[in-house]
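Scroll down for the structure; my scribbles are underneath it.
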Amino acid sequence: MAYATDAVTPLSIWSRGDEGTIEGISGANQLAARLREVGAMPGVPVRVLRVGRTVVIQVGSSRFCLRKTDAACIKGMKAA
Amino acid sequence: MAMNIADRERPYVGRATVAVVGNPNTGKTTLFNALTGLSQRVGNFPGVTVERKVGQLTLSNAGAIDLLDLPGTYSLSAKSPDELIAVEALMGLLKNESAIQAVLVVLDASNLRRSLYVVSQLLEIDLPLVVALNMLDVAKARGIVIDAPALSEHLGVPVIPIQANKRVGLDELKEALSRVVEKGLVPSHKSVLPQSWWADAEQLARKYEGVSTGLALRVLIDNQNAFASHVVERFGDKFAEDLHALRAQVNADDALANREIELRYRRIDEVLDDVLRDPEPLRVTRSDRLDRFLTHPLWGSLTFAVIMAFVFQSIFSWAVPLMDGIDALFGVVGGWATGSLPEGALQSMVVDGVIAGVGGVVIFLPQICILFLFIAILEDCGYMARAALLMDRLLTPCGLSGKSFIPLLSSFACAIPGVMATRTIDDSKDRIATMLVAPLMSCSARLPVYAIFIGAFIPDRDVLGGIGLQGLTLFALYCVGILVAIPVAWILKKTLLRGQPTPFLLELPSYKIPDVGTVGMRIYQSGRHFIERAGTLILAATIVMWALAYFPRSETIAAHYEAERERLAGASEEVLDDLRAKEAGEMLQQSFLGRMGHAIEPIVEPLGWDWRIGMAALASFPAREVIVAVLGTIYSLGEVDEESASLRDALQSATWSDGRKVFNIPVALSIMVFFALCAQCVSTLAVIQRETGAWRWPVLTFVYMTVLAYIGAFVTYRLGMVLGWG
């Protein structure tokens with residue numbers, strides 16, 4: 001999966017309060033699979049609630065914490 | 001409690017079993033408690049959903065059924081050992097587990113989309129299904145509108161709106177369950193997965209007995225996850241080959257899993273278009289605002305430290321009146337037993353053995369209940385996940401992740417549910433490392449040991465404005481275990497359990513007011529477990545130790561003191577008491593216990609201990625609380641100070657043969673540090689063996705902890721003496 005557009009960025013570089021939609025999850029590991037299963041699918045609204053070594057993201061109506069390095073696998077498009 | 005004893009005797013055959021399934025944090029346990037109440041039986045040990053919990057429920061038409069609470073799961077594609085148990089139970093793969101006849105799935109209405117994923121999977125495993133739509137109040141407060149009848153229409157199964165914490169809608173839920181169980185109604189649902197997948201699964205299922213089409217489909221889709229590997233192992237090499245061939249024929253491996261998720265969510269979104277109106281999915285909730293503070297690197301961590309300090313302080317200060325009450329009660333019982341039993345071995349066994357021993361342990365029930373009260377509240381209100389988030393930062397350098405936090409925190413109550421709670425950790429190396437350090441967390445069984453020595457030897461005075469020195473000492477002892485666990489985990493992850501850093505993904509549920517029933521149930525279960533232990537393991541150990549300390553009765557000593565008493569006839573009561581104390585002391589010295597004690601004295605002397613402490617510590621290897629009981633027995637046999645039967649006074653007045661006091665602050669600290677670090681719990685070692693399936697892990701745990709305990713106690717004693725606390 002390649003993301004050519006500039007607007008699609010990994011959530012790990014988003015700032016606190018940034019909102020947008022998920023464009024995709026890269027990777028074939030269990031973390032990526034679990035993220036998809038809890039609904040982190042393309043088109044789903046997403047927001048970053050906490051930044052730092054451990055980030056908190058809101059996917060739809062659920063909040064998850066994960067490490068910044070792992071959050072890099074979630075690609076999203078920030079709302080203008 | 002009487003109800004539970006009766007349950008155990010009633011055979012469970014021929015009764016329907018209904019499994020309770022759902023995502024974590026959907027109020028599943030609250031609903032389970034509300035439906036089954038005190039009829040539930042939890043293996044042997046308390047724990048939220050780590051252990052198998054069964055309760056009874058009587059339905060109007062279907063009669064009595066068993067309700068089985070399964071661990072929370074997001075998906076039937078199991079990724080952790082915990083989820084594996086849930087999926088195996090549903091698929092009928094668990095040994096000694098009756099087949100499940102129906103499923104009650106609990107949904108979080110404020111998280112409907114995600115909750116429906118597992119429902120979509122459950123609709124395809126050929127079991128009758130009832131949906132409980134929980135937390136509608138939370139959803140409503142956020143402006144979310146859900147059309148339950150329409151959802152029911154779409155899914156083809158009953159959907160019952162409930163509020164488990166307020167016990168709303170339970171009758172309707174029971175009614176629906178009753179209908180479904182009685183008729184065995186399997187949902188007639190059209191699978192969202194391609195027909196060709198089902199055909200392939202059926203082809204595989206036909207070849208192997210015990211493999212249903214649903215199971216075959218699951219392993220076909222799940223590649224290399226916990227569940228698939230487990231099933232493959234179970235059905236053998238031939239099955240693995242067939243599966244492999246089939247997978248190669250269908251498609252690349254992970255593509256199926258991704259495709260499944262995509263197809264299911266496509267369908268879920270279609271259904272939700274009709275059923276759900278959520279005007280503002282990304283609204284900022286009260287929980288979010290709270291989290292800005294509570295997960296803040298500085299303020300959040302400080303709050304965490306304050307909460308923990310408060311918990312430990314409360315354990316000491318709140319329990320006092322209750323403990324005094326229990327103490328007085330045992331005093332009365334002891335006095336009554338002394339009066340009504342004839343003098344001799346039986347009286348001594350009941351008064352000095354059972355009452356002084358078991359009573360000394362039972363007195364700590366209030367403290368155990370308070371500890372569990374706090375753990376249950378923190379867990380139920382949703383704070384634990386935030387604590388895990390904050391702790392991830394501290395746990396990563398040790399090679400663990402925030403996921404290890406909840407098992408480790410549970411271990412402060414008891415290492416057994418703690419070790420079992422490691423099932424939520426996906427990575428097997430992280431899981432074993434967590435299990436191995438879990439017994440270093442100060443469990444509630446250590447509390448009696450700390451309480452007795454702190455109460456007797458640490459001055460009760462305020463330091464640091466309002467915080468007592470006693471509470472502070474207790475806090476320090478809890479820290480000892482943690483501080484030792486850090487390098488131990490680090491070394492394990494660098495050597496025996498070397499591996500890649502594992503990902504960490506944890507849901508932060510919305511904060512909620514803790515449910516009184518759920519918290520009460522947790523306290524009740526842990527209190528009951530503690531009393532059961534005191535009545536069985538501790539009682540047996542106490543009687544054995546009493547016998548060792550009482551026998552053999554020396555004729556020579558008895559005759560000698562009888563002659564002395566005759567010679568001093570008419571002397572003051574004081575002189576006679578002194579004489580009786582000397583006789584008891586000499587009797588104890590020559591008892592089996594006394595002789596064994598003197599043999600081990602050279603080993604414990606460097607720690608500042610006398611032989612009595614040494615024997616009590618040795619006797620505590622099966623279960624550490626035994627030390628309190630044994631000291632109670634030894635001192636009640638060795639002293640005849642009838643005025644104050646309390647162990648604390650006996651310890652304070654104990655002397656060496658040359659008249660010096662046995663106990664001072666360094667000795668008390670040395671004992672407590674020993675108990676903080678030592679692996680004195682057979683049940684924990686057994687559960688590590690069971691969970692890892694290998695003997696080397698419990699053996700390693702025992703060896704490293706015991707060695708560290710001895711070194712720690714030695715250093716503490718020497719340091720205390722050097723600092724002049726003696």
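Given the conditions (1) touching a residue at least 60 places away in the same chain (Cβ under 8 Å); (2) open to solvent by less than 10 Å² (accessible area, probe 1.4 Å), which single one is not true for B:S75?
Evaluating B:S75 over (1) touching a residue at least 60 places away in the same chain (Cβ under 8 Å); (2) open to solvent by less than 10 Å² (accessible area, probe 1.4 Å) leaves (1) as the failure.
Keeping to the range B:443-467, report how many residues are closer than 15 Å to B:I315 by Cα, in a helix (DSSP H, G or I) and among the aliphatic types (A, V, I, L, M).
Final tally of qualifying residues: 5.
With the structure loaded, tell me whether B:R259 is more than 29 Å from B:A16 (Cβ to Cβ), free of Cβ contacts under 8 Å to residues at least 12 places away in the same chain, within 14 Å of chain A (Cβ to nearest Cβ) and part of a helix (DSSP H, G or I) or whether it fails that test.
Yes: the conditions hold for B:R259.
With (1) surrounded by 19 or more Cβ atoms within 10 Å (Cβ to Cβ); (2) within 37 Å of the chain's Cα centre (by Cα); (3) among the hydrophobic types (A, V, I, L, M, F, W, C) as the list, and B:F239 as the residue in question, which single condition is left unmet?
Among (1) surrounded by 19 or more Cβ atoms within 10 Å (Cβ to Cβ); (2) within 37 Å of the chain's Cα centre (by Cα); (3) among the hydrophobic types (A, V, I, L, M, F, W, C), B:F239 violates only (2).
Which of the numbered conditions does B:S683 fail, given that it passes all the others? Conditions: (1) of a type in the set (S, T, Y); (2) closer than 24 Å to B:G418 by Cβ; (3) not in a helix (DSSP H, G or I).
With (1) of a type in the set (S, T, Y); (2) closer than 24 Å to B:G418 by Cβ; (3) not in a helix (DSSP H, G or I) applied to B:S683, the lone miss is (3).
Kindly indicate whether A:R47 is over 19 Å from B:L272 (Cβ atoms), open to solvent by 20 Å² or more (accessible area, probe 1.4 Å) and among the basic types (K, R).
no
Might you check whether a residue that is surrounded by fewer than 16 Cβ atoms within 10 Å (Cβ to Cβ), within 12 Å of chain A (Cβ to nearest Cβ) and at negative phi occurs anywhere in the range B:212-225?
For the range B:212-225, residues surrounded by fewer than 16 Cβ atoms within 10 Å (Cβ to Cβ), within 12 Å of chain A (Cβ to nearest Cβ) and at negative phi: absent.
Condition first: under 25 Å from B:V667 (Cβ atoms) and not in a helix (DSSP H, G or I). Now tell me which residues in the range B:687-726 satisfy that.
Once the filter is applied, which keeps residues that are under 25 Å from B:V667 (Cβ atoms) and not in a helix (DSSP H, G or I), the range B:687-726 yields B:L723, B:G724, B:W725, B:G726.
Under 8 Å by Cβ, and 6 or more places apart or on different chains, what pairs join a residue from the range B:145-160 that is under 18 Å from B:D171 (Cα atoms) with one that is in a loop (DSSP other than H, G, I, E, B) and among the hydrophobic types (A, V, I, L, M, F, W, C)?
That search, which allows pairs on different chains as well, returns B:V157/B:L123.
All but one of (1) open to solvent by less than 30 Å² (accessible area, probe 1.4 Å); (2) within 19 Å of B:Y450 (Cα to Cα) hold for B:A337; state the number of the condition that does not hold.
Of (1) open to solvent by less than 30 Å² (accessible area, probe 1.4 Å); (2) within 19 Å of B:Y450 (Cα to Cα), only one is false for B:A337: (2).
Quick one: B:R267 ticks every box in (1) open to solvent by less than 60 Å² (accessible area, probe 1.4 Å); (2) part of a helix (DSSP H, G or I); (3) basic (K, R) except a single one, so which number is it?
(1)
Residues in the range A:44-70 that are within 7 Å of another protein chain (Cβ to nearest Cβ) and more than 18 Å from B:A388 (Cβ to Cβ): how many?
4
Which residues, counting only those in the range B:412-442, are at pLDDT 85 or above, outside any helix (DSSP H, G or I) and surrounded by 24 or more Cβ atoms within 10 Å (Cβ to Cβ)?
B:S442 - this is the single residue of the range B:412-442 that is at pLDDT 85 or above, outside any helix (DSSP H, G or I) and surrounded by 24 or more Cβ atoms within 10 Å (Cβ to Cβ).
Can we say A:A33 is at pLDDT below 90, surrounded by fewer than 19 Cβ atoms within 10 Å (Cβ to Cβ) and facing chain B (nearest Cβ under 10 Å)?
No, not satisfied.
Which one of these is modelled with pLDDT of 85 or more and buried (at least 22 other Cβ atoms within 10 Å of the Cβ): B:I452, B:I377, B:I368?
Sole residue among the options that is modelled with pLDDT of 85 or more and buried (at least 22 other Cβ atoms within 10 Å of the Cβ): B:I452.
Within the range B:148-166, how many residues are among the hydrophobic types (A, V, I, L, M, F, W, C) and assigned to a helix (DSSP H, G or I)?
Residues in the range B:148-166 being among the hydrophobic types (A, V, I, L, M, F, W, C) and assigned to a helix (DSSP H, G or I): 5 in total.
Of B:A164, B:A141, B:A176, B:A148, which residue is of a type outside the set (F, W, Y) and within 18 Å of B:D273 (Cβ to Cβ)?
Answer to the selection: B:A148.
Just for helices (runs of 4 or more DSSP H) wholly inside the range B:168-233: which have at least 2 residues that are touching a helix residue (DSSP H, G or I) at 6+ places or on another chain (Cβ under 7 Å) and touching a residue at least 24 places away in the same chain (Cβ under 8 Å)?
Output list reads B:195-207, B:213-221.
Condition first: in a helix (DSSP H, G or I) and either surrounded by fewer than 16 Cβ atoms within 10 Å (Cβ to Cβ) or at the interface with another protein chain (Cβ under 10 Å from one of its Cβ atoms) (or both). Now tell me which residues in the range B:271-300 satisfy that.
B:D273, B:D274, B:R286, B:S287, B:D288, B:R289, B:L290, B:D291, B:R292, B:F293, B:W299, B:G300
Kindly evaluate B:F504 against the criterion of being away from chain A (no Cβ under 14 Å) and open to solvent by less than 60 Å² (accessible area, probe 1.4 Å).
no
Any residue that is more than 25 Å from B:G92 (Cβ to Cβ), surrounded by fewer than 23 Cβ atoms within 10 Å (Cβ to Cβ) and within 14 Å of chain A (Cβ to nearest Cβ) - is there at least one of those in the range B:159-181?
no
Among B:C381, B:C398, B:C414, which is the only one that is more than 14 Å from chain A (Cβ to nearest Cβ), touching a residue at least 60 places away in the same chain (Cβ under 8 Å) and under 21 Å from B:T26 (Cβ atoms)?
Result of the check over B:C381, B:C398, B:C414: B:C381.
Among the residues in the range B:514-532, are any in contact with a helix residue (DSSP H, G or I) (Cβ under 8 Å, 6 or more places away or on another chain), within 30 Å of A:R34 (Cβ to Cβ), open to solvent by 30 Å² or more (accessible area, probe 1.4 Å) and outside the structural domain of B:L38 (by TED's automatic domain parsing)?
Looking for residues that are in contact with a helix residue (DSSP H, G or I) (Cβ under 8 Å, 6 or more places away or on another chain), within 30 Å of A:R34 (Cβ to Cβ), open to solvent by 30 Å² or more (accessible area, probe 1.4 Å) and outside the structural domain of B:L38 (by TED's automatic domain parsing), one finds at least one in the range B:514-532, hence yes.
Yes/no matrix, rows are residues, columns are (1) out of contact with any Asp or Glu (no Cβ under 6 Å at 6 or more places or on another chain); (2) modelled with pLDDT under 95; (3) within 14 Å of another protein chain (Cβ to nearest Cβ); (4) not in a helix (DSSP H, G or I):
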position	(1), (2), (3), (4)
B:E83	yes, yes, yes, no
B:L94	no, yes, no, yes
B:S98	yes, yes, no, yes
B:K140	yes, yes, yes, no
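If you go through the range A:20-30 one residue at a time, do you hit one that is touching a Pro at 6+ places or on another chain (Cβ under 6 Å), within 9 Å of chain B (Cβ to nearest Cβ) and either under 25 Å from B:N23 (Cα atoms) or of a type outside the set (G, A, S) (or both)?
So far as the range A:20-30 goes, no, none of its residues is touching a Pro at 6+ places or on another chain (Cβ under 6 Å), within 9 Å of chain B (Cβ to nearest Cβ) and either under 25 Å from B:N23 (Cα atoms) or of a type outside the set (G, A, S) (or both).
The values are calculated or read from the model by the stated rules, or taken from the named source; none is laboratory data. For clarity, every value in this text was computed on a predicted model and none was experimentally measured. When we count neighbours, we look across all protein chains shown, and the Cβ atoms used for this are built from the backbone with ideal geometry, even at glycine. In case anyone asks, the SASA skips ligands and DNA or RNA and just uses the protein heavy atoms, side chains included. Shrake-Rupley method; radii C 1.70, N 1.55, O 1.52, S 1.80 Å.
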